[in-house]
Amino acid sequence: MRDGRALLLIHGSAALLSLVCLGVTSWTGLEQRGIALAFGALVALGELARWYGPQVREAAPLGAAGALSYALLGEDAGRATTHGVAQVVSVVLAASLVGCVPHVARGRGPVFDHLARRVLTVGFAAVCFQPLYNSGAFTDWSGPAYALLLITLLALTALCDAVLAAAPAHLRTGWPFGPLLREELRGMLGIGSAVCATGAVMALAVAVVGLWALPVFCLPLLLAQVSVRRYAAVRTTYRQTIASLARATEIAGCTPAGHARRVAALSRAVGRDLGLSEAELTVLEYAALMHDIGQLSLVDPVPAGATAGLPDAEQRRIALLGGAVVRQTGVDAEVAVVVERQADPYPEQPPAARIVRAVNAYEEKARDAGPGGPLTALEELRLGTAGDYAPEVVEALARVLSREGLTLPSAG
């Protein structure tokens, strides 16, 4: 209930700000319509070029950069602008909605989180800049000092945006807020920094040469977005290749169907609960997918692929065989290390190996134990924390399962 109220507060604040700004703009009229139309078109174009995919932090970077530059715009070709906070928010909101129409028609429109984040972020930047600029507070600021001012405001806006991105994810999933915020801030070093830099440069360029600067300075960001898309496609293909390799144990009859995918999904959830970074989560997921690949080297298959009940020496032998196979595939060496060390005593294991070992044991113990299997398996893992499983991993697993109703991830 508390999480629902917090989300309602975020969305309600965005909605209230939007209504107030739209009302003020309707009452006072639109100032400098040519400038508003140009920036509105840029934001709408950015939303039209929105893309979807896993781990996308800023789906519409051009729209975000255009919105920020309009919020921080003080002059147009040497002439002072007269728009205020209300007009900035109104133009950005209207343009975002227009740009979203094709996506909504295809059933892929942005959720309320996206629109609320855009409105509140742009509103924050505009409130920090427009009233002071229009009152003449920055009249004596010029050159490097003025550029430094814009960079400082963009840094504060980026922090606000990161909080607004991490908060809904925390409220909806229950994952720790600190690691989520840290990942959002780390993500700012990539496409986020390009968005902020482009927003500042466009605002400065329009102040000097006018609106013709917009198409010139938005082109590099469009090219960067294309590059990011291609990189994401390569990552997706890479993951699909690893998933295909992981299925070799299922095809050979060494493990039950869907075992590797279930262990990978649950391991990633546990890793996120423990606060692992996105890069660490990726290594963890790949290692979990390939954790049983060493069984392909066995002459006599393990019954049902259940390695958790084998003697420690046999578990280590299979893990080392798996690590050798992973190294030969050309997958990241970090993944091979996790696979090799999943059977080591947990005080000596890296965090990812601890997670894979505990989650694999849970899945093996719970899958054939009937309706009470998940609880029984979890209790067995708790009893094994004295020597076999890391206590913090088992407790994180319990938290993840409690959020999912103590059920296994669905097969397939």
Notebook entry, point to check: In region 202-221, how many residues are surrounded by fewer than 20 Cβ atoms within 10 Å (Cβ to Cβ) and either in contact with a Lys or Arg (Cβ under 7 Å, 6 or more places away or on another chain) or among the β-branched types (Val, Ile, Thr) (or both)?
Noted result: 3
Check: Residue check: is Arg272 out of contact with any strand residue (DSSP E or B) (no Cβ under 6 Å at 6 or more places or on another chain) and within 24 Å of Leu397 (Cβ to Cβ)?
Finding: yes
Item checked: Single match in Ala313, Ala377, Ala343 (criterion: surrounded by 15 or more Cβ atoms within 10 Å (Cβ to Cβ) and either in a helix (DSSP H, G or I) or of a type in the set (D, E, K, R) (or both)) -> Ala377
Check: If Phe177 passes every condition in (1) open to solvent by less than 60 Å² (accessible area, probe 1.4 Å); (2) farther than 21 Å from Gly46 by Cβ; (3) touching a helix residue (DSSP H, G or I) at 6+ places or on another chain (Cβ under 6 Å) but one, which one does it miss?
Finding: (1)
Margin query: Just to be sure before I move on: is Phe124 open to solvent by 50 Å² or more (accessible area, probe 1.4 Å) and either farther than 18 Å from Gly66 by Cβ or modelled with pLDDT of 80 or more (or both) in the structure I sent?
Written below: yes
Check: Looking at (1) open to solvent by 10 Å² or more (accessible area, probe 1.4 Å); (2) at pLDDT below 85, which is the only condition Pro61 fails?
Finding: (1)
Note to self: Looking at Ala319, Ala353, Ala336, Ala377, can you tell me which residue is closer than 17 Å to Ala248 by Cβ and in contact with a Lys or Arg (Cβ under 6 Å, 6 or more places away or on another chain)?
What the structure shows: Ala336
Next item on the list: May I ask you to verify whether Thr28 is among the hydroxyl-bearing types (Ser, Thr, Tyr), open to solvent by 40 Å² or more (accessible area, probe 1.4 Å) and on the phi < 0 side of the Ramachandran plot?
Entry: yes
Note to self: Residue pairs, Cβ under 9 Å, 6 or more apart or interchain, first in region 65-86 and free of Cβ contacts under 8 Å to residues at least 12 places away in the same chain and open to solvent by less than 10 Å² (accessible area, probe 1.4 Å), second among the aliphatic types (A, V, I, L, M) and not in a strand (DSSP E or B). List them.
What the structure shows: none
Checklist line | Residue in region 316-340 that is least open to solvent (accessible area, probe 1.4 Å), counting only those that are charged (D, E, K, R) and over 26 Å from the mean Cα position of the chain (by Cα) | finding: Glu340
Notebook entry, point to check: Among helices (runs of 4 or more DSSP H) lying entirely in region 150-268, which contain 1 or more residues that are within 24 Å of the chain's Cα centre (by Cα)?
Noted result: 177-187, 193-209, 213-246
Notebook entry, point to check: Any residue at all in region 270-283 that is open to solvent by less than 30 Å² (accessible area, probe 1.4 Å), among the charged types (D, E, K, R) and at pLDDT 85 or above?
Noted result: yes
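The values are calculated or read from the model by the stated rules, or taken from the named source; none is laboratory data. Because the structure is a prediction, the values reported are computed rather than measured. For neighbour counting, all protein chains shown are included, and Cβ atoms are generated from backbone atoms with ideal geometry for every residue, glycine included. What goes into the accessible areas is simple: the full protein's heavy atoms, side chains included, and nothing from ligands, DNA or RNA. Shrake-Rupley method; radii C 1.70, N 1.55, O 1.52, S 1.80 Å.
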